[in-house]
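Remarks on the structure that follows.
The values are calculated or read from the model by the stated rules, or taken from the named source; none is laboratory data. Bear in mind that the values here come from a model prediction, so they are computed numbers and not experimental data. Glycine gets a Cβ as well: all are built from the backbone with ideal geometry, and neighbour counts include every protein chain shown. Heads up: the accessible areas ignore ligands, DNA and RNA and are worked out on the full protein's heavy atoms, side chains in. Shrake-Rupley method; radii C 1.70, N 1.55, O 1.52, S 1.80 Å.
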Amino acid sequence: NIVSAGMLVLALAIAARPPDPSHPYGHGKIEFLSAGIEGTAILFAALVIGVESIHELIAGPVIHDLDVGLALLAASAAANAILGVYLTRTGERTRSEALRADGRHVLADVWTSVGVIGGLFVVRLTGWIWADPWIAITVAVHVAWEGFRLLVDSLRGLMDEADGRLIESTVATLEDARESSWIDIHSLRGWRSGARRHIDFHMTVPRYFNVDQIHAIHDRVELALLDGDEHGGDVVVHFDPCDETECHHCAMSDCAIRSHPFELRQPFTIESATRPDPTAHGHPATRIDLSSAPAD
Ligand SMILES: [Zn+2]
Ligand SMILES: [Zn+2]
Ligand SMILES: [Zn+2]
Ligand SMILES: [Zn+2]
């Protein structure tokens, strides 16, 4: 745990570096890599404990130095408790999901140690030495589950899995900051590189807007989405020109080309924001259908 926490702290230091010419999207993914290595190491530890205890079940348990074992376990549980509380607190302070996850994992190990200490006390009091391999197998299953969860979470991060919470908060922020010229948004994608957020989407604006106006919209969108986020991120918007089918839900009050009166303002929702581009344009390979993207 101490080695893996040290690796995580190193990974977080690298992840916090701002984007540079060699890594223009930032260094956030190293957080997921370190969590993946940690998960693999934990799975391997579970395998070793499991094989050892099955061997003991077959050959018959041999227990010696029970008091030394108990003392070592108590010492490591105490060290883990201090480490776990430190990691969890630092994770809360720096809003790092990876640190918080590691802290939870270390604290879970403390409870495992407490369980083993209790079991060994039973062995010491009753002399029923068969309890030892069974306790070890229970611990191995628990440790394997922890390692598996860490590994799966890190793979999801490495694979740029759609971040449902990020998409939800992005849509809500855009709806709050919405201007009458923001006629529609669609093709929205969001993923995390460690703590850095990457968001891109299409926005339909009045077709007669000039580059100055569109550029100013992009700046305001960026400010709304990233303001106050110390980790920073990337926002890229593809602008689409409106057409007459959108007039009935377009709130522009002074439109010279309106062909239909305004009827109803449609709020941005996760469903509408992640639907594919309703008009075919650009290279076919850039057309993506995200309509079945999960909401969580
Ligand atoms: Zn610019
Ligand atoms: Zn377009
Ligand atoms: Zn219009
Ligand atoms: Zn579009």
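A Cβ-based charge dipole, computed about the Cα centre of the stretch 141-185 with Lys and Arg at +1 and Asp and Glu at -1, lands at about 220 debye.
Kindly report the accessible area of the chain per residue (heavy atoms of protein chains, probe 1.4 Å, no ligands, DNA or RNA), in Å². Dividing the accessible area of the chain by its residue count gives 57 Å².
In the chain, taking the dipole from charged Cβ atoms about the Cα centre, the farthest positive-side position among G233, P206, T173 is held by G233. Would you tally the net charge around V143, using a Cβ to Cβ cut-off of less than 15 Å, leaving V143 out, and scoring K and R as +1, D and E as -1? Every neighbour counted, the sum reads -3. Between the residues A46, A131, H105, the greatest Cα displacement towards the positive end of the dipole of the stretch 2-158, with unit charges on the Cβ of Lys, Arg, Asp and Glu, is found for H105. Here the mean projected area of the convex hull built on the C-alpha positions of the stretch 77-141 is 4.6 nm².
For the chain, a crude dipole built from +1 on the beta carbon of Lys and Arg and -1 on the beta carbon of Asp and Glu, taken about the Cα centre, is about 600 debye to the nearest 20. The helix-only estimate of mean residue ellipticity at 222 nm for the chain, built from DSSP H runs of length n ≥ 4 each weighted as -39500 (n - 2.57), is -19500 deg cm²/dmol after division by the residue total.
Since only Y25, L83, V122 are under comparison, the one whose Cα sits farthest along the positive direction of the charge dipole of the chain, derived from C-beta charges on Lys, Arg, Asp and Glu, is V122.
For the stretch 2-158, the equivalent ellipsoid derived from the Cα gyration tensor has semi-axes of 36, 17, 10 Å, listed largest first.
Roughly how many percent of the accessible protein surface of the chain is carbon and sulfur, given a 1.4 Å probe and a whole-percent answer? Carbon and sulfur atoms account for 64 percent of the accessible area of the chain. For the chain, the longest stretch holding no GluC sites (Glu not before Pro) located in a DSSP loop with at most 15 other Cβ atoms within 10 Å is which? The longest such stretch corresponds to 1-160. What the Cα convex hull of the chain gives, in volume per residue, is 168 Å³.
Comparing G232, G69, G194 in a Gaussian network model of the chain, where Cα atoms under 10 Å apart are tied by springs, the biggest mean-square fluctuation is seen for G69. Here the stretch 164-286 was treated as a single set of alpha-carbon atoms; its pair distances binned every 10 Å from 0 give 12, 44, 34, 9, 1 percent. Rg then Dmax, both in Å and based on the Cα atoms of the stretch 162-218: 12.7, 39. For the chain, the longest principal axis of the alpha carbon atoms and the long axis of helix 2-15 meet at an angle near 20°.
Taking the Cα centre of the stretch 164-286 as reference, the dipole from Cβ charges on Lys and Arg (+1) and Asp and Glu (-1) amounts to some 280 debye.
The local environment of V3, defined by Cβ-Cβ distances under 14 Å, has a net charge of -3 under the rule Lys, Arg +1 and Asp, Glu -1.
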